[in-house]
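We did not get these values from a lab; they are worked out from the coordinates using the rules stated. Keep in mind the model is a prediction, meaning the values are calculated, not measured. A quick note on method: Cβ atoms are made from the backbone with ideal geometry, for glycine too, and the neighbour counts reach across all protein chains shown.
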Number of protein chains: 2
Amino acid sequence: MNAAHGAAGEFDLIARIRARAPLRDDVLLGIGDDAALLRPPPAKLLAVATDTLNAGVHFPADTRPADIGWKALAVNLSDLAAMGAQPAWCTLSLSLPQADAAWLDGFLDGFLALAAQHRVALVGGDTTRGPLSVCVTAHGWVTPAAALRRDAARVGDDVWVTGTLGDAAAALAQWRAGGACDPALRARLDRPQPRVAAGLALAGLAHAAIDLSDGLLADLGHVCAASGVGAQIALAALPASPALQAAFAAPARAALQASGGDDYELCFTAAPAHREAIARLARQTGIAMTRIGRIDADPGVRALDAAGEAWRPAAAGYVHFAG
Amino acid sequence: MNAAHGAAGEFDLIARIRARAPLRDDVLLGIGDDAALLRPPPAKLLAVATDTLNAGVHFPADTRPADIGWKALAVNLSDLAAMGAQPAWCTLSLSLPQADAAWLDGFLDGFLALAAQHRVALVGGDTTRGPLSVCVTAHGWVTPAAALRRDAARVGDDVWVTGTLGDAAAALAQWRAGGACDPALRARLDRPQPRVAAGLALAGLAHAAIDLSDGLLADLGHVCAASGVGAQIALAALPASPALQAAFAAPARAALQASGGDDYELCFTAAPAHREAIARLARQTGIAMTRIGRIDADPGVRALDAAGEAWRPAAAGYVHFAG
């Protein structure tokens with residue numbers, strides 16, 4: 001933790017972070033030196049993901065500090081989950097307009113609650129003065145042959161998703177419309193659950209995986225492009241939460257599910273021979289896994305509506321919150 | 001590299017970065033998946049440092065993109081150097097007000113020039129829309145017993161610094177005064193040279209080390225506080241470049257050297273028995289190493305002027321550029 005790069009009171013902020021930062025036995029040196037010193041486990045590959053959340057771009061201005069903290073870590077753990085990696089450590093680089101201990105305490109409440117759920121140690125970072133921005137780098141470990149890559153989808157694979165789709169985009173649509181947000185939908189926007197257990201369970205079983213941050217069609221498109229394949233999905237098969245079903249009728253709902261973003265569910269492909277095994281994993285982990293389509297050789301991702309007609313979203317990709 | 005978190009044209013930016021990102025044999029998967037996959041060397045500790053540079057806080061607005069790119073990586077490699085670590089990989093999280101390919105190309109020119117000097121692979125990151133901000137996380141490897149920590153200074157140790165002090169702060173003083181910047185001084189502000197070779201050479205020989213980002217007195221104070229010791233330094237012993245000597249007379253110069261920041265030199269402590277060995281290292285690495293004082297048991301850092309009188313800086317710590 002390289003201190004005092006700009007923020008007045010930064011030493012106090014770092015002391016507050018350090019006092020609460022969870023450690024692990026494999027952390028030889030955490031916050032407080034020029035770099036953290038960490039002991040790798042034997043015979044694993046290091047998985048590293050980094051993502052930044054900016055105020056006014058990635059979350060509405062009225063988002064609670066605890067939710068910002070949760071989400072900043074969640075989007076990075078979601079990336080590790082999509083590799084089939086076991087999370088271990090993270091760093092936090094926090095830019096704040098001014099040193100605000102109460103804001104920081106709230107932020108840490110959310111950040112560290114999620115870190116504790118996944119036994120992730122916060123080992124370093126910095127605090128700087130600047131517009132509100134949170135950059136997290138997450139580190140995890142994966143068995144070499146079991147890593148879930150984007151480029152490993154094969155023709156004939158089933159396409160699956162975890163959990164339900166569209167809730168976060170629905171909350172954002174409600175927020176934009178100026179009405180009341182359904183609390184269950186808003187919770188999915190503010191507190192995404194990184195599918196770490198699902199990613200670990202699928203490592204070595206699934207072929208390709210990606211986490212859904214930009215929307216199903218866009219993200220599955222990345223998998224197809226990287227793998228040199230295509231995909232066809234059935235809109236009617238996309239899993240919807242009760243809250244989403246109650247709040248949005250079918251046509252609008254399908255768009256939120258297919259093109260909405262911020263789901264932080266996993267989309268993965270696996271051989272049809274593994275359908276039973278995946279159903280078993282879903283029961284064991286308590287995480288729904290739904291088969292929504294098939295990988296084929298035609299480039300691109302095609303969505304079919306309930307009548308079997310080709311469906312085109314209004315916009316090809318999801319545009320995150322932009323205030 | 002988790003794409004499309006907000007910036008219009010982000011896919012193009014990531015493709016530009018990916019096309020130029022240097023790789024290494026130990027990078028199994030670089031930019032383009034949810035996380036990078038990296039192979040650790042055997043029997044080493046992982047050193048991780050992260051630092052953010054914000055426009056208007058850490059660099060003047062007229063800084064060239066290439067210099068911003070260089071410095072964003074340099075400050076992180078400097079942290080690894082201060083641990084005695086060998087750099088290996090980095091991630092880059094870049095927030096830009098708009099997708100600007102020409103700006104990005106310039107930024108990468110500087111960033112990748114320094115990466116190439118140290119054989120650092122750029123393995124992931126993201127680009128987002130937001131006020132200009134650069135968050136870099138650097139990864140390196142260190143032999144367990146040889147790591148240079150802040151808390152390892154011992155009473156009786158000599159205090160040393162690499163290179164010369166005060167040039168960057170002098171350039172900033174000239175810039176603030178609105179006059180012409182001496183190019184040699186400005187180069188030290190814009191293109192700090194991380195002392196990686198010195199850190200590696202000192203690992204296992206020096207006791208404690210820190211990189212000088214906040215100013216000698218403040219940073220040596222961190223070492224003393226962490227080690228439970230104090231230090232006395234001689235202002236007259238602080239190494240000054242010819243450019244600094246030409247531009248600033250002794251009293252102002254001493255303040256820049258003792259309290260100025262952004263030097264990115266190493267300050268380290270070592271047993272007096274190692275003076276000859278350290279002089280040899282300086283010759284071998286071509287990096288000046290100057291003995292400037294001594295660790296003692298009195299808390300705090302005391303600076304003595306040429307007459308042997310206690311010297312107090314006008315401000316205890318260095319305040320980085322704040323535009």
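At a glance:
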item	result
Label-zone membership for the range A:153-175, site A:ASP296, 7 angstrom Cα→C-beta point, backbone N under 12 Å	A:156
Distance between the range A:108-183 and the range B:50-119 - C-alpha centres, whole angstrom	25
Antiparallel bridge percentage (DSSP; both residues within chain B; nearest 5)	70
Across the identical copies, how the A:GLY178 labels are spaced - nm, sorted shortest first, 7 Å along Cα→Cβ	4.7
Order by protection proxy (mean Cβ within 10 Å, highest first), peptides B:55-61, B:13-19, B:265-271	B:265-271, B:55-61, B:13-19
Estimated [θ] at 222 nm from DSSP helical runs (n ≥ 4, -39500 (n - 2.57)) normalised by residues in the protein assembly as shown, nearest 500	-10500 deg cm²/dmol
Over chain A, relative contact order from alpha-carbon pairs under 8 Å, at least 6 apart, %	23
Folded to 0 to 90 degrees: helix B:10-20 orientation relative to chain B principal axis, Cα	60
Size of electric dipole in chain B: Cβ of Lys, Arg +1 and of Asp, Glu -1, about Cα centre, debye, nearest 20	580
Cysteines without a disulfide-compatible neighbour (Cβ-Cβ under 4.7 Å), the protein assembly as shown	A:CYS90, A:CYS181, A:CYS224, A:CYS267, B:CYS90, B:CYS181, B:CYS224, B:CYS267
Max mean-square fluctuation residue, GNM over chain B, Cα-Cα springs under 10 Å, options B:LEU212, B:LEU244, B:LEU104	B:LEU104
Sequence-separation-based contact order of the range B:113-269, relative, with Cα cut under 8 Å and 6+ spacing, percent	38
Order of B:SER213, B:SER241 under a 10 Å beta carbon neighbour criterion, fewest first	B:SER241, B:SER213
Surrounding net charge for A:ASP182, when Lys and Arg each add one and Asp and Glu each subtract one, Cβ distance under 10 Å	+1
Using a 7 Å Cα-to-Cβ projection, A:ARG39 label spacings across copies, nm, ascending	2.4
The range A:157-304: antiparallel DSSP beta bridges as a percent of all, rounded to 5	75
Number of partner chain Cβ atoms within 10 Å, mean per residue of B:53-61	4
Nm distances between copies for A:ARG283, ranked from closest, using label points 7 Å along Cα→Cβ	7.6
Dipole in debye (nearest 20) - the range A:157-304, about Cα centre, beta carbon charges: Lys, Arg +1; Asp, Glu -1	340
Full-stretch length increase - A:ASP12, A:ASP105 - with 0.36 nm per residue and alpha-carbon distance subtracted	32.3 nm
In degrees, nearest ten, helix A:250-259 long axis to first principal axis of chain A (Cα)	60
Average beta-carbon neighbours from other chains, 10 Å sphere, peptide A:92-103	2
Calculated from backbone phi, Karplus (6.51, -1.76, 1.60) coupling profile of the range B:241-246 in Hz, x at Gly/Pro	6, x, 5, 5, 4, 6
Beta bridges by DSSP in the protein assembly as shown, antiparallel share as percent, to the nearest 5	70
Normalised contact order of the range A:2-142, rounded percent, pairs of Cα under 8 Å and 6 or more residues apart	40
Degrees, to the nearest 10: B:216-227 long Cα axis against longest axis of chain B	90
Shielding of A:123-134 by partner chains, average beta-carbon count, 10 Å	6
Rg [Å, one decimal], Dmax [Å, integer] - chain A, C-alpha atoms	20.0, 62
Sites A:ASP305 and A:ARG39 - FRET efficiency at Förster radius 45 Å, r taken between beta-carbons, to 0.05	0.30
